[in-house]
Amino acid sequence: MSQASTEIVRISGHAGSVPGAGLNREFQVCKLVDTTTCIGCKACEVACLEWNGNTFSETTFDNSYQTMPETTWNYWNLIKFNEHEREDGSMMLLMRKDQCMHCEDPGCLAACPADAAIVQYANGIVDFQEANCIGCGYCITGCPFNIPKFSPTARKVFKCTLCSDRVAVGLEPACIKACPTGCLHFGTKSEMKELAETRAEQLRDVSGFADAGVYDPPGVGGTHVIYVLHDAKNPELYGGLPKDPHIPYSVRLWKAPLKWLGNLAIVGGLAGLAWHYMRYGPKKAEPIPPDDERRV
Amino acid sequence: MQTSRRDFFKVAAVGGVAATIFGFDLKPAYAQLKELKIARAAETRSTCPYCAVGCGVLIYTIGDRAKNVTPQVIHVEGDPDHPTNRGTLCPKGSSLEQDMLNPRRITKPQVRRPGATDWEDISWDSALGEIAHWTKKTRDATFVEKDANGRTVNRCEGISFIGGCTDTNEFNYLVVKAMRGLGLVYLENQARV
Amino acid sequence: MTNGWIDIKNTDMMLIMGGNPAENHPCGFKWAMEAKRNRNAKLISVDPRFTRTSSTADLFVQIRAGSDIAFLGGLIRYAIENNRIAKEYLVNYTNAAFIVKEGFKLPDDGLYSGFNAASATYDKTTWNYEGGGDFSGKAGAAAASGHAPEPVPGNPGGPAPPPALPPNVAYDLTLQHPRCVFQLMKQQYSRYTPETVERITGIPKDQFLKAVDMFTSVRKDGDMKKVATIIYAVGWTQHTFGTQIIRTAAMIQLLLGNMGRAGGGVNALRGHSNIQGATDMAGLYESLPGYLKGPVPDDTNLGVYLKRTTPTSSKPAPWDSMNYYQNTPQFMVSLLKALYGDAATKENGFAFDYFPKPGQDCSWTHIWDDMYNGKIKGMMAFGMNGVMIGPDTNKNINALKKADWLVVGEIYQDETSEFWRAPGITADEQKNINTTVYRLPCAGFAEKDGSMTNSARWVTWKYAAVPPPGDARLDQDIIAEIFLRVRGLYKSDGGKFPDPILNLSWAYADAAHPPLTQVAMELNGRALADLTDPVTKQVIKAGQQLPGFAWLKDDGTTMCGNWIYSGSWTEAGAQIQRRGTEDPSGMGVYPNWAWSWPANRRVLYNRASCNADGKPWDPDRKQIWWNEASGKWVGNDVPDFKPDSHPKDHMGPFIMNPEGVGRLFAPIGVIVDGPFPEHYEPIESPIKNPLHPDQSNNPLVKKFNTPYDKFGSPEEYSIVCTTYRLTEQYHYWTKNNPMNVQLIPEPFVEIPVELAEEKGIRGTDVIHVISARGTYTAKAFVTRRLRPMMIDGKKVYQVGLPIHQGFRGIDEDEERNARTPANLLTPAVTDPNAHTPESKGFLVKIEKA
């Protein structure tokens, strides 16, 4: 378990105890989404819009309760609906809240060439820094979950922040707070993992879902958003949740040599710098347009 | 009664950029968090106007209730102390901010005259005066003191009052009191339908 | 709700039927999920559609809209046949053992005894208990000797006096007497076999048996530990037999011993934030605040009224009955003092004559019918969109065209204030509409303080956060101003019987802007003279707030606006503003959060949570219990009972009934269409009632006669249609809110895949839904969540219609939809008890646009 890098562990010339020393404190945060108690009410969608100041955009009815086909640059949280018929003919309405998974090994970050446009905090939140975003869209190809979305007006990429502004002051994310049934839960990664496993066990033992399980895909190092699914063997049923997500091969290929080159400090550094200059030139990050313009 | 959570926000906000809690390492050169938009806002406890679960909501408004401020809503979220909703809200409750700041709200009295094809503005004084005259005229014309069997009934048969069910108990009681006082029998509300 | 939202977490079994709480009460539904997570509770969802509630259920059963009594009656039969009943509870806490009068007839032909075809009413003389004593174990003898039916007293000059309950009821504690309530009930529902249930409801027999087996499993082998709850909403009320559906649910809960218990009860969800409070305050034509009965013309003075409305107890002689409504005179006189102040004196019968007495049904559908027929000339509508709510939107619009004036108080531009330019009314036609319409800008929820009462009966104060926008005014100020101006006119000009107007008590600090804190204190009531409790010698001084309704007097020395709210704002302060978050029992009682009527009791009838000896049925869920040492009922909730009544006195736990016990059999017409619920078909139905084809519908239902009151035949309109809300929208309100419009951007109709294929309709195609009364236009939502059903051998489709869109709103104003309200389709026929229209289960046909 990692701690924040500035958590004090030793103090010079200090007679007293070190504050917080000896505590088993975990900083890794996690959002648990129990799809088996999701009622598809979309409170999380609205809470996300409201808190983050992303307002109205036009939608069309598409033979579903689903608000729109995919998340967009100004709609970061979307419940995906699937009418599913089980083998015995009984009906299920599978509903899964789709948003950034906050991967432990984030493909977006791996793919991003702009200095500090994407950061990962010690707590696991992967946050876009729009001020540094150059709008190249590489993060979009790096994400195995189809989450980052390009805004043609702002010419930058946006996604769920896990309400980093709220979490920073000790509040839970807006979606978590709103969720009426407690299908969303927030806490440390280890505790959410335990809660999820307990619920999955209950679904297997009591509710007759033999394949119930927890989705925390190892291909991206685990995620800071995990799911409980009635049918963990078929995550695709839940609005196309990938069975075994990985950072795309192209991004790996592109980043791996760079990393290897980086180890050869001088050559690698120069080569990388030269390539970067040739590829992008001295481009600076564009300022984010004022709010009104963003809210088209 | 409303200090503890706000004080916490204040501390958190002062700690702001240098804060290193909950796993954030905010070295300004690399990452900057948005400031919490409700950090210094006034918090008012209300009840959601929609369904009958009666969720507690917190309405955040600009200003700290100082006399020289006209508050405006900046955010709404669930009241975590309320035993029923414990801070949660549904998609309607979560959008209450837009209900309060809605440009579609009607903000002035209007009248549609007989045969007219549009509204015209009217002052409150004229509107209320005309309504009082209509009420008296209709009441006097349709009031029944004794029915066909000679029983005292003292009812006004020509006016109906219909009410919604999202206003307060006190409002509803005042309506019943005033309208029964006028002798109305056609008094109904949303509970029927 | 008899129980409350949080209490649902205490349950072992949920039957959710006629309601869809996951969508319409999401934050309350969390407690159903808690029960599932923490207690492994089971959830059964019975609905015409597979809803988002169904998606969380352990068992979903698709039912034909309007066949609920058949399902529930079949459940009663199954519980009795399989001994899944609470025998001790049944004998001691219900009227199962009471013997019914000879001559009472069950509705094998669809009619109970006493039906008068000419007037379509019942003479309820035989719907009563037999007077007499203990017939336990003497069934044969009693049946042989019998009791001669009492002759109906001759009354040539007028109608027979209403029957009264006998003070000493004949009873048989062995439940064997052929005319005891239990045997009659058993006989009535013996006809509701699984096969019959399948014919009527369309639920295959095996699925039905699975559902009723699961529900009644809480009472397996008579074990009393487990508890089941029944949860419903307007899917049950909006039928021409709605009250009887709910009664069937109440009977099941009595039969299984689930009433009064944590995790049990019959729980109405209720759809509007203060629909409970507005009902408590008597915003309904036939009622007075606190559910006192409204005066009628035959109540020629206060004494006659009180004699009619104050019950006397009716019970087996050895038992006790609190009969709480014996205090009606105290409640009524205190109300009259609140309404008419000093003008209400003992000498003038506390101004009882001032109060208007309706001579007919003045309920919702009658308002529109009487306006259409020219009787009602003016209307005030506050926060009430009558055109949209219907039923039969076209009729309501055409009624408003005939009115002289209409006042609408609203926060958005609504369909009612703009009826004169509804779609289809041309500018030329508008010139012929002579209604003057005033539209007054009112205040939104955040701009008003005051209290609201949720469906758990919690009365909670809220605070104003912002001022109303622009020139908008607080609703209470508008009502006050209208009243004061009318009073001014009567003062200056005189007019018809001005006394109640001039003498109405309106003594608020600022008459034109009544502070709601003062009104709330009036609801609680105060002493008008010094009062002394004869036992404790406690003294309440004149002018002081009363501690509770036990202090109310019938001599004019107290005033109280609503007796059930007495205790809400005492000398100790505003109980409705309390915010104590402690829950010592862990059962979600929260005794110090706000205040619930009556007397801060959180679960009604909680005496029934104990056995006859006063011990809890389940020691793990203790609500109240008898404490022998203190000689009192004590516990985690306020006892809903006489606090010092010893269990050996056998006082019944249902203290609001004169019997003291729960009514499996509803005597003397308290329910007008039958002592037991019987399945009747909706007025528009695809089949004839299989139980009695010659009496298919509820015999008491009446139809109006305007050209708009048309009904469709199953030959032309073969599809069953039901209406409902979606979780993303609130009624006709959030169509003005961009965020909610974004979630559900367009109106749609949910139709089964098979029907769509038959008609060549694909998802998102625009279709017309047509009833005998109107046409609704929306996009098709083709889904497998509604399936074709076999009803009495006939293939029947059901379609579902969300109600939210109209002709004013964000999308409507941009003409992104067809601007047709759903209630264009619904018929203006009502339940004879509750007068609620039949918006669920009417007939339509569909066409591709």
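The values are calculated or read from the model by the stated rules, or taken from the named source; none is laboratory data. This one's a predicted model, so the numbers in the text were calculated from it and none came from an experiment. Counting neighbours? That spans all protein chains shown, and the Cβs are built from the backbone with ideal geometry, glycine included.
Checking the conditions here, which among C:W597, C:W593 is buried (at least 22 other Cβ atoms within 10 Å of the Cβ) and touching a helix residue (DSSP H, G or I) at 6+ places or on another chain (Cβ under 8 Å)?
Numbers: C:W593 fails: touching a helix residue (DSSP H, G or I) at 6+ places or on another chain (Cβ under 8 Å).
It is C:W597.
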Quiz item: If only one of C:A594, C:A608, C:A599 is touching a strand residue (DSSP E or B) at 6+ places or on another chain (Cβ under 9 Å) and closer than 29 Å to B:D79 by Cα, which one is it?
Solution: C:A594
Quiz item: How many residues, within the stretch C:533-592, are assigned to a loop (DSSP other than H, G, I, E, B) and not acidic (D, E)?
Solution: 35
Exercise. Assess whether B:D140 counts as being in contact with a Pro (Cβ under 8 Å, 6 or more places away or on another chain), of a type in the set (D, E) and more than 30 Å from C:P423 (Cα to Cα).
Key: no
Practice problem: Look at the stretch B:140-162 and say how many of its residues are under 12 Å from C:K357 (Cβ atoms), surrounded by 18 or more Cβ atoms within 10 Å (Cβ to Cβ) and of a type outside the set (S, T, N, Q). | Solution: 5
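Yes/no per residue for (1) in the same structural domain as C:I85 (by TED's automatic domain parsing); (2) of a type in the set (S, T, N, Q); (3) assigned to a loop (DSSP other than H, G, I, E, B):
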position: C:M224; (1), (2), (3): yes, no, yes
position: C:G235; (1), (2), (3): yes, no, no
position: C:I245; (1), (2), (3): yes, no, no
position: C:T248; (1), (2), (3): yes, yes, no
position: C:G257; (1), (2), (3): yes, no, yes
position: C:R270; (1), (2), (3): yes, no, yes
position: C:D299; (1), (2), (3): no, no, yes
position: C:V304; (1), (2), (3): no, no, no
position: C:S313; (1), (2), (3): no, yes, yes
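Take residues that are touching a Leu at 6+ places or on another chain (Cβ under 6 Å) and surrounded by fewer than 24 Cβ atoms within 10 Å (Cβ to Cβ) and tell me which of the strands (runs of 3 or more DSSP E) falling wholly in the stretch C:1-62 contain 1 or more.
Values: elements: C:13-17, C:42-47, C:59-62.
Because the criterion is at least 1 residues that are touching a Leu at 6+ places or on another chain (Cβ under 6 Å) and surrounded by fewer than 24 Cβ atoms within 10 Å (Cβ to Cβ), the strands (runs of 3 or more DSSP E) in the stretch C:1-62 that meet it are C:42-47.
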Quiz item: Is one or more of the residues making up the stretch B:131-152 within 7 Å of chain C (Cβ to nearest Cβ), on the phi > 0 side of the Ramachandran plot and part of a loop (DSSP other than H, G, I, E, B)?
Solution: no
Quiz item: Which residues, taken from the stretch C:275-297, are out of contact with any Ser or Thr (no Cβ under 7 Å at 6 or more places or on another chain), at the interface with another protein chain (Cβ under 9 Å from one of its Cβ atoms) and part of a helix (DSSP H, G or I)?
Solution: C:I275, C:A278, C:T279, C:P289
Practice problem: Report, by residue number, each residue of the stretch C:791-818 that is over 22 Å from C:I761 (Cβ atoms), of a type outside the set (D, E) and surrounded by fewer than 17 Cβ atoms within 10 Å (Cβ to Cβ). | Solution: C:G793
Quiz item: Mind checking whether some residue in the stretch C:162-180 is in contact (Cβ under 8 Å) with a residue 40 or more places away in the chain, in contact with a Phe, Trp or Tyr (Cβ under 6 Å, 6 or more places away or on another chain) and part of a helix (DSSP H, G or I)?
Solution: no
Exercise. Hey, can you tell me all the residues within the stretch C:460-481 that are within 7 Å of chain B (Cβ to nearest Cβ), outside any loop (DSSP other than H, G, I, E, B) and in contact (Cβ under 8 Å) with a residue 40 or more places away in the chain?
Key: C:T460, C:D475, C:Q476, C:I479
Practice problem: Say whether the condition of being outside the structural domain of C:G242 (by TED's automatic domain parsing), in contact (Cβ under 8 Å) with a residue 60 or more places away in the chain, within 29 Å of B:N189 (Cβ to Cβ) and in a helix (DSSP H, G or I) is met by at least one residue in the stretch C:741-756. | Solution: yes
Exercise. Look through C:D68, C:D123 and report the one residue that is surrounded by fewer than 22 Cβ atoms within 10 Å (Cβ to Cβ), out of contact with any His (no Cβ under 7 Å at 6 or more places or on another chain), on the phi < 0 side of the Ramachandran plot and at pLDDT 95 or above.
Key: C:D123
Practice problem: Tell me which residues, restricted to the stretch C:338-365, are more than 11 Å from chain B (Cβ to nearest Cβ), outside any helix (DSSP H, G or I) and either surrounded by 19 or more Cβ atoms within 10 Å (Cβ to Cβ) or not polar (S, T, N, Q) (or both). | Solution: C:A344, C:K346, C:E347
Practice problem: Could you run through the stretch B:94-118 and say how many residues are surrounded by 19 or more Cβ atoms within 10 Å (Cβ to Cβ) and more than 7 Å from every other protein chain (Cβ to nearest Cβ)? | Solution: 1
Quiz item: When residues of the stretch A:139-163 are filtered for being in contact (Cβ under 8 Å) with a residue 40 or more places away in the chain, surrounded by fewer than 22 Cβ atoms within 10 Å (Cβ to Cβ) and not in a loop (DSSP other than H, G, I, E, B), how many remain?
Solution: 4
Self-check item: Criterion violated by A:V220 - all others in (1) crowded, with 17+ Cβ neighbours inside 10 Å; (2) farther than 26 Å from C:F29 by Cβ; (3) over 14 Å from the mean Cα position of the chain (by Cα) satisfied
Solution: (3)
Quiz item: C:I252 fails exactly one of the following numbered conditions: (1) surrounded by 23 or more Cβ atoms within 10 Å (Cβ to Cβ); (2) β-branched (V, I, T); (3) within 19 Å of B:E170 (Cβ to Cβ). What is the number of that condition?
Solution: (3)
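Let me confirm something: among B:Y186, B:Y173, which residue is at pLDDT 95 or above, out of contact with any strand residue (DSSP E or B) (no Cβ under 9 Å at 6 or more places or on another chain) and among the aromatic types (F, W, Y)? Full working, then the answer.
Working: B:Y186 fails: out of contact with any strand residue (DSSP E or B) (no Cβ under 9 Å at 6 or more places or on another chain).
That would be B:Y173, the only listed residue that is at pLDDT 95 or above, out of contact with any strand residue (DSSP E or B) (no Cβ under 9 Å at 6 or more places or on another chain) and among the aromatic types (F, W, Y).
Of all residues in the stretch B:95-144, which are acidic (D, E), farther than 22 Å from C:A443 by Cβ and not assigned by TED's automatic domain parsing to the domain that holds B:G158? Give the derivation first.
Filtering the stretch B:95-144 for residues acidic (D, E) gives B:97, B:99, B:118, B:120-121, B:125, B:130, B:140.
Okay, now just the ones that are also farther than 22 Å from C:A443 by Cβ, so B:118, B:120, B:140.
Matches in the stretch B:95-144: B:D118, B:E120.
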Quiz item: Pick from the stretch C:749-782 the residues that are under 29 Å from the mean Cα position of the chain (by Cα) and of a type outside the set (S, T, N, Q): which of them is farthest from the other protein chains (Cβ to nearest Cβ)?
Solution: C:A772
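Return the residues of the stretch A:117-132 that are in a loop (DSSP other than H, G, I, E, B) and either among the charged types (D, E, K, R) or more than 21 Å from A:P248 (Cα to Cα) (or both); say none if nothing qualifies.
We begin by selecting, within the stretch A:117-132, every residue in a loop (DSSP other than H, G, I, E, B); these are A:117, A:121-125, A:129.
A:Y121, A:A122, A:N123, A:Q129 - these are the residues of the stretch A:117-132 that are in a loop (DSSP other than H, G, I, E, B) and either among the charged types (D, E, K, R) or more than 21 Å from A:P248 (Cα to Cα) (or both).
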Self-check item: Of residues in the stretch B:80-93 being away from chain A (no Cβ under 11 Å) and crowded, with 20+ Cβ neighbours inside 10 Å, the one farthest from C:G809 (Cα to Cα)
Solution: B:P83
Quiz item: C:A509 is checked against (1) assigned to a loop (DSSP other than H, G, I, E, B); (2) in contact with a Ser or Thr (Cβ under 8 Å, 6 or more places away or on another chain) and fails just one. What number does that condition carry?
Solution: (2)
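Residue check: is B:D167 facing chain C (nearest Cβ under 7 Å), among the charged types (D, E, K, R), crowded, with 24+ Cβ neighbours inside 10 Å and without any contact (Cβ under 8 Å) to a residue 40 or more places away in the chain?
Working: facing chain C (nearest Cβ under 7 Å): yes; among the charged types (D, E, K, R): yes; crowded, with 24+ Cβ neighbours inside 10 Å: yes; without any contact (Cβ under 8 Å) to a residue 40 or more places away in the chain: yes.
Judged against the criteria, B:D167 is a match.
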